[in-house]
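Here is the structure we will look at.
The values are calculated or read from the model by the stated rules, or taken from the named source; none is laboratory data. Treat the numbers as computed from the prediction; the structure is a model and nothing was measured. Because the Cβ atoms are built from the backbone with ideal geometry, glycine has one as well, and the counts that use them run over all protein chains shown. When the accessible area is computed, the model is the full protein with side chains, heavy atoms only, and any ligands, DNA or RNA have been set aside. Shrake-Rupley method; radii C 1.70, N 1.55, O 1.52, S 1.80 Å.
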Amino acid sequence: MPHLPHSSPAALTLTDLPGPDVTVRRLRHPGRWISGGLVLLLLAAIGRAFAVGQIQWTVVGQFLTAGVIVTGFGWTLLISACALVLGVALGFAFGIMRLSENPILRFAAWLYVWIFRGTPVLLQLLIWFNIALVFPRLYIPGLVDERMVDVVTPFVAAVLGLGVNEGSYLTEVVRGGIGSVDRGQKEAAHTLGMTPGQTMRRIILPQTVRLILPVLGNSAIGMLKFSSLAATIAMGEMLNAAQRIYFINGAVIELLFVCAVWYLAGTTVLSIGQYYLERHFGRDAATASSDRRGFWAWVRRPAARGEA
Amino acid sequence: MSLAVKAVGIRKSFGSHEVLKGLDLEVAYGEVLCILGPSGSGKSTFLRCINHLETPNGGYVWVDGSIMGYALHRGALQELPVKRLRAQQSQLGMVFQHFNLFAHRTVLGNVIEGPMVVRGLSRDEAEARAMGLLEQVGMAAKASSYPSQLSGGQKQRVAIARALAMEPRVMLFDEPTSALDPELVGEVLEVMRNLARGGTTMIVVTHEIGFAREVADRVVVMIDGEIREMGAPQQVLSDPGDPRVRSFLSRVLA
């Protein structure tokens, strides 16, 4: 037998083997310490840059709880909530239509997605805001007869613009969700004698909601941020309020930072809510059982694809 | 002996592939019929045509006084609205190979769903009856578990209870033990054996030759979308006339 080179471990004979309680030494990872240290240094440098930069942090603190800003944030929340509700409702309605047996319903749903997913949401907001130029009056016989400018206030335009746009994305999400519920679920419901409507409501949709809940959570977070676009149509939400203040006092960056703090607070709360919602609804899903290590483990998980 | 099911000239194609080539079958009340045959012979498709999970391309199925999916009108078959087809389908209990339990409902929730939603029973009444059925299949202790917490055999026993809850005229079984680990097959067959003993009308698509020999009143062997052999299990299984049936049986009995 040739002599083994120096670097290879010599063959262990049975008499050399240690007992079962032998100490185990873990492999050291100096590279992790170095890269971690470098990132910490970088973070410290960025933090210092902002500390010594031309920002009056006292102004940030002063406006953080200013009445106008807090009211603006209230509007931000209200717009986001209304638009999300509208978007989810439209998403389910058109998502179900996308799978209809009726080709005309399918086409209508496709058209909706094509138009509203294919144009920028900012553009849509501006169009909703100026819709009175096309339809001066809103007239539904026996129900409404008013000037369009009185109906489509900046608030209504913001909710419509953001909600209808979100609905076009959620249509595809709902369609995919329904499609990924096992076909056998539908067949089982049919053999029990359940009608298509009963099957959809009681069997398919509850399982769809569970599947698309993570996406809906991301939608809520995204919506909170996209609502800032309403600032462009004179809706007095938080960003608009901040702009009106800094046009007067010139503290541009300070007020934008105030907004950043509030948006971060909002998205953080939503993230926590999303975590608990997913955990609750996932209680009997096989996928959730492996992921119950708590909120902080979830925070540190690798980001999912497409997560806002 | 009155007829429960009569299938007349059932044909079914998927694209250009003809799966069923004009099948006739009669099943009497109280009878247990086992459908055997190699994979791809069309036996599952035939069962799914009987309860209209697949719509036949030709022929029709008569169940307990009405034609599945159609009304006879001036000598022609007029397609029924979905709601009336579903009412007919609820007369046929179906047990699937992959159980198809409602994943978001507990065991009890699965069994009461049909009686409450389709039959309009109150929750209390449906639950009381469901518990009786779960007792019968030995799953009462798991009433509040979710399907994902059950073994395959347990899922299939719940699925049988769910189908029975509709008080169907006929029970259809589509390879009910094919997806089970070998040691779990017995508990499901035991439940089916008890049903047969109790006089339930059953059509069972299966690979379990032993079960067919022991429980079936009649056995059908399908090959390539046709019924090649039909008769008492002793006769069909031990002395088949058709050479292709003989070669199939020698392979599965080996």
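Could you tell me which residue of region B:172-188 is farthest from B:His52 (Cα to Cα), considering only residues that are buried (at least 22 other Cβ atoms within 10 Å of the Cβ) and touching a strand residue (DSSP E or B) at 6+ places or on another chain (Cβ under 6 Å)? The residue in question is B:Pro176. Pairing residues of region A:249-265 that are without any contact (Cβ under 8 Å) to a residue 12 or more places away in the chain with residues that are among the basic types (Lys, Arg), at Cβ distances under 8 Å and at least 6 apart in sequence or on separate chains, gives no pairs at all. Note on region B:42-64: among residues that are over 15 Å from the mean Cα position of the chain (by Cα) and surrounded by fewer than 22 Cβ atoms within 10 Å (Cβ to Cβ), the one that is nearest to the other protein chains (Cβ to nearest Cβ) is B:Thr55. Apart from one condition, B:Pro176 fits all of (1) within 13 Å of chain A (Cβ to nearest Cβ); (2) of a type outside the set (Val, Ile, Thr); (3) in contact (Cβ under 8 Å) with a residue 40 or more places away in the chain; (4) within 24 Å of B:Ala4 (Cβ to Cβ); the exception is (1). Taking the stated definitions as given, is A:Leu211 within 30 Å of B:Arg86 (Cβ to Cβ), open to solvent by 40 Å² or more (accessible area, probe 1.4 Å), under 23 Å from the mean Cα position of the chain (by Cα) and within 14 Å of chain B (Cβ to nearest Cβ)? Yes. Of the residues making up region B:229-239, just one is among the charged types (D, E, K, R) and more than 20 Å from the chain's Cα centre (by Cα), namely B:Asp239.
Going by the conditions given, is B:Arg119 among the basic types (Lys, Arg), out of contact with any Leu (no Cβ under 6 Å at 6 or more places or on another chain) and touching a residue at least 40 places away in the same chain (Cβ under 8 Å)?
Working: among the basic types (Lys, Arg): yes; out of contact with any Leu (no Cβ under 6 Å at 6 or more places or on another chain): yes; touching a residue at least 40 places away in the same chain (Cβ under 8 Å): yes.
Considered against the rule, which asks whether it is among the basic types (Lys, Arg), out of contact with any Leu (no Cβ under 6 Å at 6 or more places or on another chain) and touching a residue at least 40 places away in the same chain (Cβ under 8 Å), B:Arg119 comes out as yes.
Whether a residue is open to solvent by less than 30 Å² (accessible area, probe 1.4 Å) and in contact with a Ser or Thr (Cβ under 7 Å, 6 or more places away or on another chain) was assessed, and B:Met202 does not pass this test. Kindly indicate whether any position in region B:125-134 is under 24 Å from B:Val185 (Cβ atoms) and out of contact with any Ser or Thr (no Cβ under 7 Å at 6 or more places or on another chain). The answer is yes; a qualifying residue exists.
When you go through B:Leu72, B:Leu108, B:Leu150, B:Leu77 one by one, which is the residue that is within 24 Å of B:Val19 (Cβ to Cβ), more than 8 Å from chain A (Cβ to nearest Cβ) and open to solvent by 10 Å² or more (accessible area, probe 1.4 Å)? Of the residues listed, the single one that is within 24 Å of B:Val19 (Cβ to Cβ), more than 8 Å from chain A (Cβ to nearest Cβ) and open to solvent by 10 Å² or more (accessible area, probe 1.4 Å) is B:Leu77. Contact annotation: residue pairs with Cβ atoms under 8 Å, 6 or more positions apart or on different chains, pairing a residue in region B:81-102 that is more than 7 Å from chain A (Cβ to nearest Cβ) and free of Cβ contacts under 8 Å to residues at least 40 places away in the same chain with a partner that is open to solvent by less than 50 Å² (accessible area, probe 1.4 Å) and among the β-branched types (Val, Ile, Thr), are B:Gln88/B:Val63.
Mind counting the residues in region B:224-254 that are at positive phi and in contact with a strand residue (DSSP E or B) (Cβ under 6 Å, 6 or more places away or on another chain)? Explain how you work it out, then say what you get.
To start, the set of residues in region B:224-254 that are at positive phi comprises B:224-225, B:231.
Checking the rest, the ones that are also in contact with a strand residue (DSSP E or B) (Cβ under 6 Å, 6 or more places away or on another chain) come to B:225.
Here the count works out to 1.
Considering region B:238-250, the residues that are in a helix (DSSP H, G or I) and either aromatic (Phe, Trp, Tyr) or under 16 Å from B:Lys43 (Cβ atoms) (or both) include one that is most open to solvent (accessible area, probe 1.4 Å), namely B:Arg244.
Please verify whether A:Leu192 is within 14 Å of chain B (Cβ to nearest Cβ) and of a type in the set (A, V, I, L, M), treating the condition exactly as stated. When the stated conditions are applied, A:Leu192 passes them. Screening region A:171-184 for residues that are in a helix (DSSP H, G or I) and surrounded by fewer than 18 Cβ atoms within 10 Å (Cβ to Cβ) and picking the one that is farthest from the other protein chains (Cβ to nearest Cβ) gives A:Glu172. Those helices (runs of 4 or more DSSP H) of region A:1-120 in which 1 or more residues are free of Cβ contacts under 8 Å to residues at least 12 places away in the same chain and touching a strand residue (DSSP E or B) at 6+ places or on another chain (Cβ under 9 Å) are absent.
Output yes when any residue across region B:66-76 is in contact with a strand residue (DSSP E or B) (Cβ under 8 Å, 6 or more places away or on another chain), farther than 23 Å from B:Val118 by Cβ and either at pLDDT 95 or above or β-branched (Val, Ile, Thr) (or both), and no when none is. Checking region B:66-76: not a single residue is in contact with a strand residue (DSSP E or B) (Cβ under 8 Å, 6 or more places away or on another chain), farther than 23 Å from B:Val118 by Cβ and either at pLDDT 95 or above or β-branched (Val, Ile, Thr) (or both). Among the residues of region A:233-251, the one identified as open to solvent by 60 Å² or more (accessible area, probe 1.4 Å) and closer than 17 Å to A:Ile55 by Cβ is A:Asn249.
In the condition set (1) small (Gly, Ala, Ser); (2) within 14 Å of chain A (Cβ to nearest Cβ); (3) out of contact with any Lys or Arg (no Cβ under 7 Å at 6 or more places or on another chain), B:Ala165 is compliant with all but (3).
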